[in-house]
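These notes are about the structure you will find just below.
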Amino acid sequence: MERISFYDQIAANKRKSILLMFVIFVVFIALGYVISQIYSQGSFFFIMIIATIFSLSYILISYYNSDKIAIASVGAMPASNAQFRQYYNSVEGLTLASGMPMPKLYVMQNEQINAFATGRDPQHAVICVTTGALEKLNKQELEGVLAHELSHVANFDIRFMTLVAVMVGMISIISQMFLRSLWYRGSNDRKGNAGAILMLIGIVLAILAPITVQLVQLAISRKREFTADATAVKFTRYPPGLKNALKKIKNDQPMKVSKAIAPLFMSDPSRKLSNLFSTHPPLEERIKMLEEM
C-alpha cells in the first residue's frame, strides 16, 4: 500500500481551510450586497459598523486572553519540571526539534485522556494535559499527543480560527440587526414586485447565512485537526505514537467540560455522533489517516 506523505496532508488540509474561509467571505459579501440594495447607503454602513465593532471587540478580548480563560475554566495547575519530568522533557524535546519556543505547561485533574493548546502565538502558548493522559499513555503516545498540540501552535490555528470567528460573528450580528429592523420599517419602503422579491431574498439569506457559516466554521475546525495530526507526524516521525493514543482515547470515557472550550481539546470531549456538527473529525478517520502514513 502506498503511504500518504504528511507534507501532502498538511498542504491539502490548509488549502481546504482557506477555501472554506473563502466560502464564509462570499456569504458575507452576498448578505451585505442584498441588505445594501434594500436599505439606504447610510443605514447599510451603520449596520456594518455596529456589527464590526461588536464582533471584533468580543472576539479580540477572548483572543488576547484565551490562555487565561481556558486554564481558569478547567482549573488547571502549572506543571513543574520536578513533578512532571517526562511531560516537561517531551515538550522540551519537541520544541527543540521543531525550533519553537517552550510553552507554559499545565495539568488538569481528570481521569480521561485529553489535552489542549491555546495562546495567540508561539511566544504566548500554553499546553495543558489531563492527569489521565499522563497516567495512561506511554512515552511515544504522550509525545504524539503533545506534538499534536504543538502543531496547533506552530500552524497559528488559534489566530486562524479567531479570524473565522470574527467573520462568522459579523454575519450573525448583521443578520439579526436586519431581521429585527423589519419591525421598524416605515412607509418609505421600496414598493413593487422587485422590492418584494429582494426583501424575500434578504430575509431568507439572513436566516440561512448564520447557519451556513457556522457549519463551515465547524468544517474548518475539523480540517485544522487533520492538519495538526499530520504536523505531529512531521515533528515525531512516528505515526504509531499518536495513532495508538487516539485508539486509547476512543476506548476512554467522554469528558465533561464547558462547551466554550471543548473545541480546544485534542478530541471532542462530548463525542458527538454527527460529524456535521462536530469541531473534530471522527477518531476512526484520524486513526485511518495515521495508519496510511
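The values are calculated or read from the model by the stated rules, or taken from the named source; none is laboratory data. Keep in mind the model is a prediction, meaning the values are calculated, not measured. Reconstructed Cβ throughout: ideal geometry from the backbone, glycine too, with neighbour counts over all protein chains shown.
Please verify whether Lys223 is of a type in the set (Lys, Arg), within 25 Å of Phe160 (Cα to Cα) and in a helix (DSSP H, G or I), treating the condition exactly as stated.
Numbers: of a type in the set (Lys, Arg): yes; within 25 Å of Phe160 (Cα to Cα): yes; in a helix (DSSP H, G or I): yes.
It is true that Lys223 is of a type in the set (Lys, Arg), within 25 Å of Phe160 (Cα to Cα) and in a helix (DSSP H, G or I).
Just one of the listed residues (Leu283, Leu264, Leu290) is buried (at least 19 other Cβ atoms within 10 Å of the Cβ) and more than 16 Å from the chain's Cα centre (by Cα), and it is Leu290.
Okay, residues lined up against (1) over 18 Å from Lys256 (Cα atoms); (2) of a type in the set (Val, Ile, Thr); (3) under 21 Å from the mean Cα position of the chain (by Cα):
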| residue | (1), (2), (3) |
| --- | --- |
| Ala72 | no, no, yes |
| Tyr87 | yes, no, no |
| Leu94 | yes, no, no |
| Ala117 | no, no, yes |
| Ala125 | yes, no, yes |
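Count of segment 215-268 residues, restricted to those that are of a type in the set (Gly, Ala, Ser) and in contact with a Leu (Cβ under 7 Å, 6 or more places away or on another chain), is 4. Applying a threshold of 8 Å to beta carbon distances and a minimum spacing of six or more residues, or different chains, the list of pairs starting in segment 132-156 at a residue that is closer than 21 Å to Asn251 by Cβ and ending at one that is among the acidic types (Asp, Glu) and in a helix (DSSP H, G or I) reads His148/Asp229. Just for segment 189-211: of the residues that are under 28 Å from Ser17 (Cα atoms) and buried (at least 16 other Cβ atoms within 10 Å of the Cβ), which one is modelled with the lowest pLDDT? If we take residues in segment 189-211 being under 28 Å from Ser17 (Cα atoms) and buried (at least 16 other Cβ atoms within 10 Å of the Cβ), then Gly202 is modelled with the lowest pLDDT.
The number of residues in segment 37-70 that are more than 19 Å from the chain's Cα centre (by Cα) and of a type in the set (A, V, I, L, M) comes to 7. Within segment 75-94, the set of residues being part of a loop (DSSP other than H, G, I, E, B), touching a residue at least 24 places away in the same chain (Cβ under 8 Å) and small (Gly, Ala, Ser) comprises Gly75, Ala76, Ala79. Restricted to segment 95-111, and to residues that are free of Cβ contacts under 8 Å to residues at least 60 places away in the same chain and hydroxyl-bearing (Ser, Thr, Tyr), which residue is farthest from Asn155 (Cα to Cα)? Ranking the qualifying residues of segment 95-111, first place goes to Tyr106.
Here are some residues: Val34, Val26. Which one is modelled with pLDDT of 80 or more, among the β-branched types (Val, Ile, Thr), in a helix (DSSP H, G or I) and surrounded by fewer than 14 Cβ atoms within 10 Å (Cβ to Cβ)? Spell out how you get there, then give the answer.
On the way: Val34 fails: surrounded by fewer than 14 Cβ atoms within 10 Å (Cβ to Cβ).
Checking each option against the conditions leaves just Val26.
Among Ala12, Ala30, which is the only one that is free of Cβ contacts under 8 Å to residues at least 40 places away in the same chain and among the small types (Gly, Ala, Ser)? Result of the check over Ala12, Ala30: Ala12.
Out of Ser258, Ser274, Ser267, which single residue is in contact with a helix residue (DSSP H, G or I) (Cβ under 6 Å, 6 or more places away or on another chain), modelled with pLDDT under 85 and over 13 Å from Phe6 (Cβ atoms)?
Details: Ser274 fails: in contact with a helix residue (DSSP H, G or I) (Cβ under 6 Å, 6 or more places away or on another chain); Ser267 fails: modelled with pLDDT under 85.
After ruling out the rest, the residue left standing is Ser258.
Across segment 133-156, the qualifying residues are those that are among the polar types (S, T, N, Q) and within 17 Å of the chain's Cα centre (by Cα), and the one among them that is farthest from Ala230 (Cα to Cα) is Asn155. Pairs meeting the criteria (first residue in segment 170-191 and in the same structural domain as Ile47 (by TED's automatic domain parsing), second residue modelled with pLDDT under 90 and part of a loop (DSSP other than H, G, I, E, B), beta carbons under 9 Å, at least 6 apart or on different chains) are Phe178/Tyr39; Ser181/Tyr39. The residue of segment 1-23 that is surrounded by the most Cβ atoms within 10 Å (Cβ to Cβ), among those that are of a type in the set (Val, Ile, Thr) and under 21 Å from the mean Cα position of the chain (by Cα), is Ile10.
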